[in-house]
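Here's the structure we're looking at; comments come further down.
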Amino acid sequence: MNYDLSEDQSSVLSALDSILADYKAPPIEPVPFAYGAELDAILTESGFLDIAREEGFGPLDAALIVERVARSPLVVEVAASTLVAPVLPIPQGLRPIALHDGALTAPIRFLPQARALVVLRDDHAAIATIDAGQVEEIETMMAYPYGRLVEPTALSFERFDDAGLVRRRWRIGMAAEAAGCMVSALASVLEHVTTRFAFGRPLGSLQAVQHRLAMASEIAESTRWLAFRAAWSDTEADAAIAAGYAQAHISQFTYDLHQFSGAMGLTLEYPLHFWSYRLRALAGELGGASHQSRSAAAAIWGEAA
Amino acid sequence: MSETPAQFRRRARSWLETNIPSDKAPLDGIAARDYALAWQRRQFEGGWAGLAWPKKAGGCGLSILQQIIWYEEYARAGAPRTLDPLFVALNHAGPTIIACGSADQQAYHLPRILAGMVVWCQGFSEPNAGSDLAGLKMRGRIEGNELVVEGQKIWSSYADMAVWQELLIRTDPEAKISAALSWVICPMDAPGITVRPILTMAGAYKYCEVFYDNVRIPLANVVGGLNNGWATAMSTLSFERGTASLGLLIALTLRIEEMLADCPSSRPLMKARLAQLRAEAAAVRATAYRVALDNEHGVPDASGSIVRLSFSELEQRATAAAVDLYGLDGAKVIGGHGLGHEYLDAFSETIAGGTSEIQRNIIGERLLGLPKGPR
């Protein structure tokens, strides 16, 4: 694995950063989340979300984009579109895409925006197109839009046999998205503890604060590199390790960041929740950390593990 | 012949079974206030308010053991959560006025608190002074027999519905902090007070900012003596750290039991995690009982910080486990009264009433006798 970005990757990320620069500011109103519809449209039109379909590019380039976009306080469906859709019989441009692995009656992330739904089962994936009339938006506190199918039995699904491929790409996307959220969440708290004074000194000068933020930084950096490694190798073991590591550490990571943001960090007027809520939602995906860890063990050491 | 603990338990259980509200407590607003006041009134009229408060303070004068039994039965019956709009009145203001208030203050305020007539809020934190109470800047200057107060407080839970506030202000600008503050009973309807509720990440309007523009408060409202507010405030925080969380702790223990019962055998790792939480809950509960019994007749000592620290962190771990057990879309998790709300609300537990870091400092310095380090 080469840790340096290629010339093409640098160019892509530079162009993406110039777009994202206009979407760094959190919404003014205190809201649990804000879907970046305008950002979504720009990313779609400029072709970033189709990068893995382009000659010479692949899942690693897609993961780089997922991680970068996830740093925005605005939420946009990127992971499924860039990493999962290219391996499925979904027409290019039919997005956003909602990924789901539970009962069809349950709340589904991104369903209110989705034009396609991918349901992952043990031995296959099922794909359906969605229109707005089939979805009821539901209230959520987890920084993503969630919706419920009004009449699940009315959907017509197409079968896709390689469930493992879908699961693998989903895991990579989830880890990359978590990594991006961690970068911005940590940055917002570092700024707070640098400028906030208590006991006559910046909060960040206290060792109790420094040590745990150093650990948070270690988690964020590890999540990021594991996600990129999984995208680069595109293997089941690496994908499960990246997703499992991220999920296993999200709880401690978010608690520490909220702790050092103080009471301000508990309000919707402070931006931390735009990333911490998303992280919490991601922590429960695909069965959670222990499920990914068992999958990684099985992939590396076989069923005997 | 006095009532045995077992008889007391039976009587408490019987009363709770027939009297707890059938509807859930609203999360915020006037509806939350009215619900909490009505429930407190019902307990008062039934003879179950202020169980461990002294009789001369209007309480029942019962032992701390009986108080513990009440909390156990209260949690077992599924009675409303005690972290409600009356928490400050019953667990901060009341005990502080009992410990430090004048006879007039006790005679006026304690009956109203116990009878469920008033909501109190806390006014300690300021925008630039949270954990660092010594950094308080808000001034109160003396004019005749009044204090004239100007400034801002923040994180004042339920200030939007409170009648009174326990307000900590700097009344001597020159003195060291231990002789600079006063703990004052502030009427929230005084001219010059503006309250702005803040939406929390758990989805409720609980915290408020309070702005004071030349608010006049009678000097007679000072509790514990002018410029002695640091000591009075430490009493208040000792109550919060010591005994106030007993009811919440017992309810949390039962919640973990319920989670263990709900956990399917196909999830052995989750079962092990819950069993570990159950063990931790038993340990915290034993510590909390010990601290409560040791401090039966006075202001809780610094060991209350052990209870506060271990309870708050346990609650965060337990609510996180609940979300993992039932799933983000689980029936017990979603909705305003779901565990998802409690999970998000629990983030505040290790910040309010002194952060976990402050509690660790107290334990290290005051219980273990370690040298005081730089803050």
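The values are calculated or read from the model by the stated rules, or taken from the named source; none is laboratory data. Bear in mind the structure is a predicted one, so any value in this text is a computation, not a measurement. A quick note on method: Cβ atoms are made from the backbone with ideal geometry, for glycine too, and the neighbour counts reach across all protein chains shown.
Scanning segment A:260-305 for residues that are facing chain B (nearest Cβ under 8 Å), in contact with a Lys or Arg (Cβ under 8 Å, 6 or more places away or on another chain) and more than 23 Å from B:Met270 (Cβ to Cβ) gives a single hit, A:Gly262. If you filter segment A:203-230 down to residues that are within 14 Å of chain B (Cβ to nearest Cβ) and in contact with a helix residue (DSSP H, G or I) (Cβ under 6 Å, 6 or more places away or on another chain), you find that the one that is nearest to A:Gln247 (Cα to Cα) is A:Arg212. For the residues A:Ala154, A:Ala143, A:Ala132, A:Ala178, the requirement of being in contact (Cβ under 8 Å) with a residue 24 or more places away in the chain and either more than 12 Å from chain B (Cβ to nearest Cβ) or farther than 25 Å from B:Met201 by Cα (or both) singles out A:Ala178. Summed over segment B:173-205, the residues that are surrounded by 17 or more Cβ atoms within 10 Å (Cβ to Cβ), in a loop (DSSP other than H, G, I, E, B) and over 23 Å from the mean Cα position of the chain (by Cα) give a count of 1.
Only one entry in B:Trp120, B:Trp70 is surrounded by 19 or more Cβ atoms within 10 Å (Cβ to Cβ), touching a residue at least 12 places away in the same chain (Cβ under 8 Å) and either over 23 Å from B:Leu249 (Cα atoms) or more than 14 Å from the chain's Cα centre (by Cα) (or both), namely B:Trp70.
Whether any residue in segment B:189-197 is more than 20 Å from B:Ala36 (Cβ to Cβ) and in contact with an Asp or Glu (Cβ under 7 Å, 6 or more places away or on another chain) is what I want to check. Looking through segment B:189-197, at least one residue is more than 20 Å from B:Ala36 (Cβ to Cβ) and in contact with an Asp or Glu (Cβ under 7 Å, 6 or more places away or on another chain). Restricting attention to segment A:131-157, and to residues there that are of a type in the set (Asp, Glu) and in contact with a strand residue (DSSP E or B) (Cβ under 7 Å, 6 or more places away or on another chain), which single residue is modelled with the lowest pLDDT? Here the residue is A:Glu137. When segment A:81-104 is filtered for residues that are out of contact with any strand residue (DSSP E or B) (no Cβ under 7 Å at 6 or more places or on another chain) and among the β-branched types (Val, Ile, Thr), the ones remaining, listed by number, are A:Thr82, A:Val87.
Against the numbered list (1) farther than 22 Å from B:Gly130 by Cβ; (2) part of a loop (DSSP other than H, G, I, E, B); (3) not acidic (Asp, Glu), B:Ala244 comes up short only at (1). The listed residues are B:Gly192, B:Gly140, and the only one of them that is small (Gly, Ala, Ser) and farther than 25 Å from B:Pro95 by Cβ turns out to be B:Gly192.
Can you tell me which residue in segment A:97-123 is nearest to A:Met174 (Cα to Cα), limited to those that are within 16 Å of the chain's Cα centre (by Cα) and part of a strand (DSSP E or B)? Checking each candidate, the answer is A:Leu99.
Of the candidates B:Ala272, B:Ala320, B:Ala331, B:Ala279, the single residue that is within 24 Å of the chain's Cα centre (by Cα) and either part of a loop (DSSP other than H, G, I, E, B) or not assigned by TED's automatic domain parsing to the domain that holds B:Tyr71 (or both) is B:Ala320. Taken together, the residues in segment B:271-305 that are exposed (fewer than 15 other Cβ atoms within 10 Å of the Cβ), touching a helix residue (DSSP H, G or I) at 6+ places or on another chain (Cβ under 6 Å) and farther than 17 Å from B:Ile69 by Cα amount to 0. Restricted to segment B:353-375, and to residues that are modelled with pLDDT under 85 and facing chain A (nearest Cβ under 9 Å), which residue is nearest to B:Ser245 (Cα to Cα)? Ranking the qualifying residues of segment B:353-375, first place goes to B:Arg375. Going by the structure shown, is B:Leu199 of a type outside the set (Lys, Arg) and within 14 Å of chain A (Cβ to nearest Cβ)? When the stated conditions are applied, B:Leu199 passes them.
Taken over segment A:141-162, the criterion of being aliphatic (A, V, I, L, M) and in a loop (DSSP other than H, G, I, E, B) is satisfied by A:Met141, A:Met142, A:Ala143, A:Val150, A:Leu155.
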